[in-house]
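Notes follow once the structure below has been shown.
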Amino acid sequence: MHMDPGDATRPALIRMLGVAKSYRTAEGEVESLQPLEFDIREGEFLSIVGPSGCGKSTLLKLVGGLLPATRGSIEIAGKRVEGPAGSIGIVFQNHVLLAWRTVLENIMLQIEVRKLPHGRGIEHARELVEMVGLKGFENKYPWQLSGGMQQRASICRALVHDPAILLMDEPFGALDAMTREKMNLELQRIWSAAKKTVLLITHSIPEAIFLSDRVLVMSERPGSIAGIYDVPLPRPRTLAMMGGVEFGALAQTIRAHFYAQGSLDA
Amino acid sequence: MSTVHLWPRRVVESQLARPLILIVLIFVLWDLVIRVFKIPPYLIPAPWDVARMLVAEWPRLWRESLFTGYATLGGFGLSILFGIPIAMLIAYSRLVESYVYPLLVFSQSVPKIAIAPLFVVWFGFGIFPKVISAFLLGFFPVVVATVMGFKSMETEMIDLARSMRASRLQMFLKFSLPQALPSIFSGLKVSATLAVVGAVVGEFVGSNSGIGYVLQIANGNFDLPLMFAALFVLSMMGVILFAIVDVVEKMMIPWHQSRRADVMTVTA
């Protein structure tokens, strides 16, 4: 059984310590992220929603160690992030599966590159394939799969080395609405089975509420925290909950941020 | 109702038959044009004369095409040997790119036929100047295509590799190289046909062997059937080299889009 999402007794796994990012352009320094200060707890599912270009993907890359912070720092399990950490798996917006590798080979890429033991890796890879419902497709090439299946394979790749943290950058943005809902259910199931700390970047407010323990709303560029909301819905959640009063009220509250910012048309 | 086919469908639709059918059609058209417009054989030879010449002169054409073939293969081999590493340097180093690339483009704009006589002066009448000539023509497409192949890696894929803490060698072997292969092969195909041209250009200016030399002689004697026969042999050399590259490509990148015709996609 998962713990109460509002449970603040869990220790913080990822800590943003005034982390900020700006880019140098021809016009001078452009601020992408204002100094951020918040924690992600161990085992928590936290989503970040925000308007396009608010720096939410930048934040994910900072946590993933793919970008250096301009100011401040990020700590994962008490250690300062100075490059890609071992305990992280990333799911990108596009599936980025390698066209010359089968599904299983694509998942095993993580094991090969990290030089982890092959035997345990392949065992875990097969378990994951079964868990996400790709059994029977291990030896297919990415282009033989549908968009939803491709993204499921890339989720397996991000989990195969058993990382403590899963970072997802708008993973379902390229999928149609039906597949997306199905994937949300899948992801909830994967998360509750795999017990990871998840940071999900998304455009979709319902998706964020449906999946998360907490939803962090970001303001327009330069990004800052506009609000953090606990999602008090019980788990496992069903798609039917999306029509509920509680769900609707929370979605409305979050949406109000965007109205206020003028980034949604009324 | 059933229709009667002149040829079984399978034959007409096979990969090999189609170009052959086209060739036959061209021959018929060629023959017709000559007959209808009464074109004299010193302007355009009849297809039969060319075919007869091809058979009669075959031992000689075969012998000479070996010379041209060696020069072509030599030039093509050098194109791969130098083209791919130079392209990799260009793709990975801004410094090399800014110095070398413009110079390469500049050198490609020099007409090879104009400098080919210089090679004779420098390297004599042997096979070497022909190899150089074939190399100079075949080299550039390999470089351009390979540079493009290595540079076409998406940023997300680079991020993926970095998130896995890939070393530079892993990045190259597991990501960049396979990613670049389709592009490299398309460059090699262009290069293969150009290398044949390059070898012949080399033979034009200073040689007593090779198909280029036969062409020169035939040209001088107004022996049009021999000239056309030599041109045919030359084209076949290009086709064969192209086909070999194509087969190697099929073996090395069976996963590529262009090879997916017969595979079904699944949805779920």
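Values quoted throughout were computed directly from the atomic coordinates according to the rules given, and no laboratory measurement underlies them. The shown structure was predicted, so the numbers you read here are calculated from the model rather than taken from an experiment. No Cβ is skipped: glycine too gets one built from the backbone with ideal geometry, and neighbour counts run over all protein chains shown.
Data for the structure
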| item | result |
| --- | --- |
| Anchor residue A:21: lysines whose Cα lies under 18 Å away (excluding residues fewer than 8 positions away in-chain) | A:56, A:61 |
| Estimated FRET transfer efficiency (residue A:230, residue A:174; beta-carbon r; R0 30 Å; 0.05) | 0.55 |
| Inter-label distance, nm, simple model (7 Å from Cα along the C-beta direction), residue B:153/residue A:120 | 2.9 nm |
| Dipole magnitude of the protein assembly as shown, debye to nearest 20 (Cβ charges: Lys/Arg +1, Asp/Glu -1, about Cα centre) | 880 debye |
| Backbone N within segment A:100-133 under 20 Å of label point (7 Å from residue A:87 Cα along the Cβ vector) | A:111, A:114-117 |
| Centre separation in Å (Cα based) which lies between segment A:155-204 and segment B:192-250 | 59 Å |
| Partner aspartates and glutamates for residue A:79 [C-alpha distance under 17 Å; skip if fewer than 8 residues away on the same chain] | A:37, A:39, A:42 |
| Cut-off of 10 Å, at most 11 other beta carbons, DSSP loop: longest stretch of chain B lacking such chymotrypsin sites (Phe, Trp or Tyr not before Pro) | B:43-221 |
| Exercise: per-residue mean of other protein chain Cβ atoms within 10 Å, B:152-161 | 5 |
| Set of lysines with alpha-carbon distance to residue A:140 below 21 Å, sequence-local pairs under 8 removed | B:174, B:250 |
| Unit charges on C-beta of K, R, D, E only; dipole of segment B:119-208, Debye | 240 debye |
| Extension gain from residue A:27 to residue A:77, taking 0.36 nm per residue of separation minus the Cα-Cα distance | 14.2 nm |
| Chain A: relative contact order in percent, alpha carbon pairs under 8 Å with at least 6 residues between | 26 percent |
| Inter-label distance, nm, simple model (7 Å from Cα along the C-beta direction), residue B:120/residue B:35 | 4.3 nm |
| Distance in nm between pseudo-label sites at residue A:130 and residue B:168 (7 Å out along the Cβ direction from Cα) | 4.3 nm |
